[in-house]
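The values are calculated or read from the model by the stated rules, or taken from the named source; none is laboratory data. Keep in mind the model is a prediction, meaning the values are calculated, not measured. Counting neighbours? That spans all protein chains shown, and the Cβs are built from the backbone with ideal geometry, glycine included. These area figures cover heavy atoms from the full protein model, side chains too; ligands, DNA and RNA do not enter into them. Shrake-Rupley method; radii C 1.70, N 1.55, O 1.52, S 1.80 Å.
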Amino acid sequence: MISLIVLACLLALVQLWIIPAIFNLNNAKWMTSNRDAEPTVTATYKRAIRAWKNLQETFPIFLALAILGVITNTDLVFAMQLWLAFRVVHLVTYMTSLNMLRTLSWLGSLVALFMMGLALI
């Protein structure tokens, strides 16, 4: 389970820093400045930021439930794998504007969180 927590943290890092940086390479000078002015950004960069903000809504819940699972020795592996898979799919579908699949993957990640919570009760 700890490896899944580490992978979830890696996903968060990728969404927080790497993906927005990749889609903001045209603003490399701005990224190394004191950032007093706002850069000109692309729609893809804006989607990357929105996807990160969306992850922030459930990531703390995932971490709390996963840590509780480790502490109580409750097997949450399957639900954690589901959550992680759905969040990766959510990121990809958000970045590629596949809105219906994005919504389904978001709902799937919520179901995985409920599965984790129910297993802990």
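Residue 109 fulfils the conditions (1) under 15 Å from residue 50 (Cα atoms); (2) in contact (Cβ under 8 Å) with a residue 40 or more places away in the chain except for a single criterion, (1). Only helices (runs of 4 or more DSSP H) whose full extent lies in the stretch 8-110 are considered here, and the ones with at least 1 residues that are under 29 Å from residue 120 (Cβ atoms), at pLDDT below 95 and open to solvent by less than 80 Å² (accessible area, probe 1.4 Å) are 43-72, 77-95.
Residue 117 meets each of the listed conditions (1) under 19 Å from residue 7 (Cβ atoms); (2) surrounded by 13 or more Cβ atoms within 10 Å (Cβ to Cβ) apart from (1). Return the residues of the stretch 90-103 that are without any contact (Cβ under 8 Å) to a residue 60 or more places away in the chain, within 16 Å of residue 57 (Cα to Cα) and not charged (D, E, K, R); say none if nothing qualifies. 90, 94, 103 - these are the residues of the stretch 90-103 that are without any contact (Cβ under 8 Å) to a residue 60 or more places away in the chain, within 16 Å of residue 57 (Cα to Cα) and not charged (D, E, K, R).
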